[in-house]
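Have a look at the structure below, then the notes.
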Amino acid sequence: MHKYIDAIRVERGYYCFLVLNEELTILDVFFPRWINISGHCTFKKYLKPGVSFCIKSVGTNAVFIAKQSNTPVYLDPQFHYCNVLKEWHEYCVPIWDGYKKAYVSLICADHPISSALKGFVDLVAKNMCCTSYTQGISGTKNDLTKKLTQQHKLILKRIAQGMTDEQIAHELEISLSTVRFHAQNIFKIFNVGTRIEAVIKAIIQNEIFISDLYDGFY
Amino acid sequence: MNEFIFRSIIESWANCEQYGISKEIKEPQKLITDDELRKQTEKKRVFGDF
């Protein structure tokens, strides 16, 4: 996790990632290495493996609501029930690994969660529920990515930003068929079949960065 | 925030009050044994080792 999380080093503040099981128990906590949590007592006290995020334990929270609604949930601080959580911004994405549900959650203590971080959680969740990715990305960097040209990278960044082929063609002032040609080559290089797969692999292999997904952070 | 999520939050608050959950929680609960946690964590890390 840590080697990929470096991609979002630019983000500021106290935040961490949680992986929770179907019963809303924290299985893993990831604190980015550059964040010193020693000064943040609620993080140390509440965010550790084994702690339950059911409402009987910590009151209303994003993980519980994500379980109820089965959709990603962003919870503003004021919607938490317990006072100690009222300084937390929380974004939780439910995932399905083919057998059981689990949850990936991001908690930020001091300011709203940026679109970039939310996008990162979405990608992590997507990544975790695709076992084929787990196999594909756990190895060393794919030599094929060396074949990515500058034009490929320009197109990849725009795909990552959610642009359509038509929008990319317009912005780069090239023809639509050229964009489609390059996109197909990108798919072949990454050995993927969809745009989101290409973006995930590109981020993981440091061909593009989370900061490329969004125009601005704050 | 969509209506369903908002409704879930309201219901969750109501449940918290019904269960008599204090707004001043002292310590979050651990509802899992250390052994079970270790097993589940190992399993999760296998598929989640990204």
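The values are calculated or read from the model by the stated rules, or taken from the named source; none is laboratory data. Since the structure is predicted, the reported quantities are computational estimates derived from the model, not experimental observations. Cβ placement follows ideal geometry from the backbone for every residue including glycine, while neighbour counts extend to all protein chains displayed. Calculation scope for accessible area: heavy atoms of the full protein, side chains included, ligands and nucleic acids excluded. Shrake-Rupley method; radii C 1.70, N 1.55, O 1.52, S 1.80 Å.
Structure summary
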| quantity | calculated |
| --- | --- |
| Efficiency of FRET from Cβ geometry, B:Glu17 and A:Thr42, R₀ 30 Å, rounded to 0.05 | 0.85 |
| Local electrostatic count, A:Gln184, Cβ distance below 14 Å [Lys/Arg +1, Asp/Glu -1] | +2 |
| Per-residue mean of C-beta atoms belonging to partner chains within 10 Å, peptide A:17-26 | 3 |
| Residue-wise HN-Hα coupling along the range A:26-32, computed from phi with Karplus coefficients 6.51, -1.76, 1.60 (Hz; x: Gly, Pro) | 5, 9, 9, 10, 10, 9, x |
| Burial order of peptide ranges B:14-23, A:154-163, A:78-87 (average beta-carbon count within 10 Å, highest first) | A:154-163, A:78-87, B:14-23 |
| Accessible area buried at the B-A interface, both sides summed, 1.4 Å probe (Å², nearest 100) | 3600 |
| Residue-averaged beta-carbon neighbours from other chains (10 angstrom radius) around A:59-69 | 5 |
| Average beta carbon contacts from partner chains per residue of B:10-18, 10 Å cutoff | 4 |
